[in-house]
């Protein structure tokens, strides 16, 4: 039985690596179904979130297979990989767990589930920050990868290794240095092919030979975390523990009070201010800080500000567009119907 399962898993891995475009289409279709059924019937929210969470977990699983098969991404410790995977999974299933807990155990079960999830995520993020020095952490830590670029880079890396191995064997056999494939003219700087390494006349294409390059955006994007200054460390710590501070303020002041809203927004702004200039950060960290800056707009959609100020104006705009532009009501109608449900779910609006 174990051999059968092992063979099936191996076939599945081969299918993922060889048919990543078809697999991506299947994953997208899976997610579209979750969007289509949201708010359509009783219990549709739970089913929709179950499908959405399952699609995200499937993408995460398939990405892990492709990354392992490529073998070119930077290696991290097993504990770091486990922590990042755990935080990513919790991000993906948070809404589903919240809805299910509320359905089974009421509001008390909902807030207990939210608190447990946020504590677990904050602890894991803090361990990643302190123990593994991951720097500015993305949300989620393991984002979907560019599968095509990674697999192409794996092929290039394999070809490069083969070229290096062949050159090493040739050098060993001849007991002498290998002639350079090209050389550069001193006065003009023009690159020319070496006659010693030129192919036979009937195979020449008169183009300069090119060895496969191993540098690509895939590798450049996976650079080492930036060493943070003291103020940047404090800024990231504020961001890590902000969800717990916000939950505590909700417990003290209630969900209808503006104090938790003001406290959370102040912590977000303070975190960005302390992190400061992003010029010294790598590209991934800069993208994460841009995302955090854009997420400040979400405070317009977070209660109680949304209930008192944004709701009437937003629904008026959506209704106006739906009534004046033909066909738009097919999209905006379900959106307006789902907004009240969306507002009641904590992880939709306050996940980070």
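Tell me, please, whether a residue that is assigned to a helix (DSSP H, G or I), surrounded by 15 or more Cβ atoms within 10 Å (Cβ to Cβ), at pLDDT below 90 and in contact with a helix residue (DSSP H, G or I) (Cβ under 7 Å, 6 or more places away or on another chain) can be found in the range 152-170.
So far as the range 152-170 goes, yes, one or more of its residues are assigned to a helix (DSSP H, G or I), surrounded by 15 or more Cβ atoms within 10 Å (Cβ to Cβ), at pLDDT below 90 and in contact with a helix residue (DSSP H, G or I) (Cβ under 7 Å, 6 or more places away or on another chain).
Return only the number of the condition from (1) within 21 Å of the chain's Cα centre (by Cα); (2) over 30 Å from residue 150 (Cα atoms) that residue 45 does not satisfy.
(1)
Of 218, 214, 233, which residue is at pLDDT below 95, part of a helix (DSSP H, G or I) and more than 15 Å from residue 302 (Cβ to Cβ)? Show your work before the answer.
On the way: 214 fails: part of a helix (DSSP H, G or I); 233 fails: at pLDDT below 95.
Residue meeting the stated conditions: 218.
Taking the condition of being touching a helix residue (DSSP H, G or I) at 6+ places or on another chain (Cβ under 9 Å) and surrounded by fewer than 13 Cβ atoms within 10 Å (Cβ to Cβ), how many residues in the range 270-282 meet it?
Result for the range 270-282: 2.
Among 112, 87, 116, 108, which is the only one that is assigned to a helix (DSSP H, G or I) and buried (at least 17 other Cβ atoms within 10 Å of the Cβ)?
87
What pairs come up if the first residue lies in the range 34-48 and is touching a residue at least 12 places away in the same chain (Cβ under 8 Å), the second is in a loop (DSSP other than H, G, I, E, B), and their beta carbons are under 6 Å apart, counting only those six or more places apart or on different chains?
Close Cβ pairs satisfying both conditions: 48/38.
Just wondering, is there one or more residues in the range 311-331 that are modelled with pLDDT of 85 or more, surrounded by 15 or more Cβ atoms within 10 Å (Cβ to Cβ) and under 28 Å from the mean Cα position of the chain (by Cα)?
No.
Taking the condition free of Cβ contacts under 8 Å to residues at least 40 places away in the same chain, exposed (fewer than 13 other Cβ atoms within 10 Å of the Cβ) and over 23 Å from the mean Cα position of the chain (by Cα), does residue 260 pass?
No; evaluated as a whole, the condition is false for this residue.
The values are calculated or read from the model by the stated rules, or taken from the named source; none is laboratory data. Values in this document were obtained by computation on a predicted structure and should not be read as measured data. All Cβ positions, glycine included, derive from the backbone under ideal geometry; neighbour counts span all protein chains shown.
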